[in-house]
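Working notes, beginning with the structure itself.
The values are calculated or read from the model by the stated rules, or taken from the named source; none is laboratory data. This is a predicted model, so every value here is computed, not measured. Note that we place each Cβ from the backbone using ideal geometry, even for glycine, and neighbour counts take in every protein chain shown. These accessible areas exclude ligands, DNA and RNA; they are computed on the full protein's heavy atoms, side chains included. Shrake-Rupley method; radii C 1.70, N 1.55, O 1.52, S 1.80 Å.
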Amino acid sequence: MKSNNKNIAYLKARQKAREIRGFYYNLMCYSIVIPILVFINLKFNPQFHWFWFSLVGWGTGVVFHGLSAFGRIPFMGADWEERKLREFMEKDKENKI
């Protein structure tokens, strides 16, 4: 039983590390691409600042990705996931009996 709990804990930790790594990749790409887009926009079309659409849109996604990766979204955190898993398992159990 202890070995099974260790494996589950390891798998959860590995998944969490992958989520955080994914966030850092997203943040790194954002930090590289957005300045390039700003440069292109201001160099070739300085009358209309279209880079704001990318900056705000992708930036919002990066913020929510970070909140999700670090478990800061209150309505969809780890507790929510555990509750939903138990709920689905109970419904499945009721349907089989």
Next item on the list: Would you mind checking the tilt of helix 51-69 against the longest principal axis of the Cα atoms of the chain, expressed as 0 to 90 degrees and rounded to 10?
Entry: 20 degrees
Note to self: Cut-off 10 angstrom, C-alpha nodes, Gaussian network model of the chain. Which of Phe53, Phe23, Phe44 fluctuates the most?
What the structure shows: Phe44
Note to self: Just to confirm, what accessible area per residue do you get for the chain at 1.4 Å probe, in whole Å²?
What the structure shows: 84 Å²
Next item on the list: Just the number, please: carbon plus sulfur as a percent of the accessible area of the chain, 1.4 Å probe, no ligands or DNA/RNA counted.
Entry: 66 percent
Next item on the list: Report which label in (1) -0.68, -0.89, -1.18; (2) -0.38, -0.67, -1.44; (3) -0.69, -1.03, -1.18 holds the value of log10 I(q)/I(0) by the Debye sum over Cα atoms at q = 0.13, 0.17, 0.24 Å⁻¹ derived from the coordinates of this structure.
Entry: (1)
Notebook entry, point to check: Cβ under 12 Å from Gln15's Cβ, Gln15 left aside: what net charge do those residues give with Lys, Arg +1 and Asp, Glu -1?
Noted result: +3
